[in-house]
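**Student:** I am attaching a structure below and will ask some questions about it afterwards.
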Amino acid sequence: MDLVYLNGQYMPLHEACIPVMDRGFLFGDAVYEVIPAYHGRLFRLHEHLQRLDSSLQAIGMKNPLTYDEWLGILQKLIDQQPEIDQSAYLQVTRGIYAKRDHSFPKQIEPTVLAMCSPFGHPGSHINEAGISAITLDDIRWNYCNIKTTALLANVLLRQQAVESDAAEAILIRNGNATEGAASNLFIVANGTIITPPKSQNLLPGITRDVVLELAEQNSLTYCEADIPEQHLKSADEIWLTSATREIMPVIQLNGHAIGDGKLGPMWKKIYSLYQEFKIKIRGYS
Ligand code: PDD
């Protein structure tokens, strides 16, 4: 049930240990992916592994495994409980080295970890009730497109949201709203779905891309454009997307209602399209 993969071996979670000299532990010198699996099928695996490649390349590492090797490992973990929806987590660190030194060691083997856990029940109350969010200054670094495990800023931002009774923080950089602490941002204004273009200011979310594809296929009006901070309050709808929380409707921002403070019609449409798409795909695409 709690099987994990670590460096070529499968073992129970409680037996999986990382040496303290692992650079992932010491420096956050590591990247990761979170991939949903519905009814035993990994969703958008190809895209997640492509993003893993980009993250690894950005930190000067090669992917230690092939596509088929990743598929084999992740599928084996998911197959422990194929009947329930799960999310697979994988992490690659630069590896273990005897001396703590910021620069990359010359000879080093990456640490590879994969595990999975039941999905926090997508489509459950969080989506149906809508969530509250707050805006916060984006205190992160300049490479937010890299999916690194060095997430302290994201952790502090999310915590600040939670302490303000909000489920997520929407981040502001240079006057624009870019994304959430662990999600991508969409607004609906005058019938158009708007999300910021991909850049170093945000993670190129896989769920974000699915939402844009569904908008395209279903002739919904959308565009990729900067979202000035002040456009958030006047938006008809705000959504936040991620692999594990799908498409969350934000009904309150900084204590004020968004739109009429209820679930928006465009969210209802895109959310049902997303649910249909998940069922239709049931594959690795
Ligand atoms: N986070 N932006 C940030 C900063 C994120 O951490 C995430 C996801 C996203 C959405 O990306 P995707 O649609 O590919 O999940 C955007 C994951 C779920 C996490 O850290 O657990």
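The values are calculated or read from the model by the stated rules, or taken from the named source; none is laboratory data. Please read these numbers as outputs of a predicted model, since none were measured by experiment. Here the Cβ positions follow ideal geometry from the backbone for every residue, glycine too, while neighbour counts run over all protein chains shown. These area figures cover heavy atoms from the full protein model, side chains too; ligands, DNA and RNA do not enter into them. Shrake-Rupley method; radii C 1.70, N 1.55, O 1.52, S 1.80 Å.
**Student:** Could you check the stretch 50-69 and list, in sequence order, the residues that are among the aliphatic types (A, V, I, L, M) and open to solvent by 10 Å² or more (accessible area, probe 1.4 Å)?
**Tutor:** Those that are among the aliphatic types (A, V, I, L, M) and open to solvent by 10 Å² or more (accessible area, probe 1.4 Å): 58, 59, 61, 65.
**Student:** Here is a list of conditions, (1) open to solvent by less than 40 Å² (accessible area, probe 1.4 Å); (2) assigned to a loop (DSSP other than H, G, I, E, B), and residue 172 meets all of them except one; can you say which number that is?
**Tutor:** Single failed check for residue 172: (2).
**Student:** Among the strands (runs of 3 or more DSSP E) contained in the stretch 1-56, which hold 1 or more residues that are within 13 Å of the ligand (Cβ to nearest atom), out of contact with any His (no Cβ under 7 Å at 6 or more places or on another chain) and of a type in the set (Val, Ile, Thr)?
**Tutor:** 30-38
**Student:** Quick check on residue 72: is it more than 16 Å from the ligand (Cβ to nearest atom), more than 25 Å from residue 205 (Cβ to Cβ) and open to solvent by less than 10 Å² (accessible area, probe 1.4 Å)? Outline the logic, then answer.
**Tutor:** Numbers: more than 16 Å from the ligand (Cβ to nearest atom): yes; more than 25 Å from residue 205 (Cβ to Cβ): yes; open to solvent by less than 10 Å² (accessible area, probe 1.4 Å): no.
The answer is no for residue 72.
**Student:** Additional query: For residue 130, which of the numbered conditions (1) in contact with a strand residue (DSSP E or B) (Cβ under 8 Å, 6 or more places away or on another chain); (2) outside the structural domain of residue 200 (by TED's automatic domain parsing); (3) open to solvent by less than 50 Å² (accessible area, probe 1.4 Å) fails to hold?
**Tutor:** (2)
**Student:** Read through the list (1) under 13 Å from residue 169 (Cα atoms); (2) more than 20 Å from the chain's Cα centre (by Cα), then give the number of the only condition that residue 233 fails.
**Tutor:** Result: residue 233 fails condition (1) only.
**Student:** Can you tell me which condition residue 91 does not meet? The list is (1) part of a loop (DSSP other than H, G, I, E, B); (2) closer than 21 Å to residue 151 by Cβ; (3) of a type in the set (S, T, N, Q), and all the others hold.
**Tutor:** The single condition residue 91 does not satisfy is (1).
**Student:** State yes or no: is residue 113 in the same structural domain as residue 8 (by TED's automatic domain parsing), free of Cβ contacts under 8 Å to residues at least 24 places away in the same chain and either open to solvent by 30 Å² or more (accessible area, probe 1.4 Å) or within 18 Å of residue 148 (Cα to Cα) (or both)?
**Tutor:** Working: in the same structural domain as residue 8 (by TED's automatic domain parsing): yes; free of Cβ contacts under 8 Å to residues at least 24 places away in the same chain: no; either open to solvent by 30 Å² or more (accessible area, probe 1.4 Å) or within 18 Å of residue 148 (Cα to Cα) (or both): yes.
Here the answer is no, as residue 113 does not meet what is asked.
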